[in-house]
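A short write-up of the structure that comes next.
The values are calculated or read from the model by the stated rules, or taken from the named source; none is laboratory data. For clarity, every value in this text was computed on a predicted model and none was experimentally measured. All Cβ positions, even for glycine, are placed from backbone atoms using ideal geometry, and neighbour counts span all protein chains on display. Surface accessibility is based on the protein's heavy atoms, side chains included, excluding ligands, DNA and RNA. Shrake-Rupley method; radii C 1.70, N 1.55, O 1.52, S 1.80 Å.
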Amino acid sequence: MRKRPPLLASPRLILALGLATVTAPAMAQDNPAAHQHGHAELQVAFAGEQIDLLLESPAWNLLGFEHQPRTKEQRQKLDGLREWVAANALINTEGGNCRVTTSELHTGWEGHEAHDDQGHDQDAHANHSDLEITQSLRCDALPDASAFTAPILDAYPTLEHLNVQWVSAQSQGGTRLTRSDNRFRPGQ
């Protein structure tokens, strides 16, 4: 099976997400106050039956901790999140006809040693850590006026609010989702 290039390397996605962020609030790395437990940002680019997504969230919302996993239970939670993201669309039509074609999860601590040269725990100095999840979806017979839900809100109860920004050839916009108001219709 041919390996697909990383999602963010797609020129179409870079352009689409660039357009979406014109109206989006500053991201966490640009605005330290944006890191709020219970809140996450989702950018969505629609192109025919293809949907590309970028989710940025405090690690706490999806893992219950914000440091490199230290225990077996924490490693299992991270592995469980990776499995969930690979199998479940972050957004889906009400009929559930979207499937994940690619997914990646990046943490703020990947590639870092857990201890510095003096043996001190570096994680003890990190107050906040974000996760970035990218997904590509294929949604068969996607009508232009499809309504979408965000199953991640039900799967991870500490995620209270999801700010969604979308862009398509026809429109761009945004909304704020909660578990009790978990539906949006792009273009409206």
Which pairs have Cβ atoms under 7 Å, sit 6 or more apart or on different chains, and link a residue in region 61-82 that is farther than 14 Å from GLY108 by Cα to one that is in a helix (DSSP H, G or I)?
GLY64/LYS77; LYS77/LEU63; LEU81/LEU62; LEU81/LEU63
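Go through region 135-168 residue by residue and tally those that are surrounded by fewer than 22 Cβ atoms within 10 Å (Cβ to Cβ) and either within 12 Å of the chain's Cα centre (by Cα) or closer than 13 Å to ASP181 by Cα (or both).
9
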Looking only at region 62-79, and only at residues there that are in contact with a helix residue (DSSP H, G or I) (Cβ under 9 Å, 6 or more places away or on another chain) and closer than 27 Å to PHE148 by Cα, the one that is surrounded by the fewest Cβ atoms within 10 Å (Cβ to Cβ):
GLY64
Run VAL100 past the list (1) open to solvent by 10 Å² or more (accessible area, probe 1.4 Å); (2) modelled with pLDDT under 95 and report the number of the one that doesn't hold.
(2)
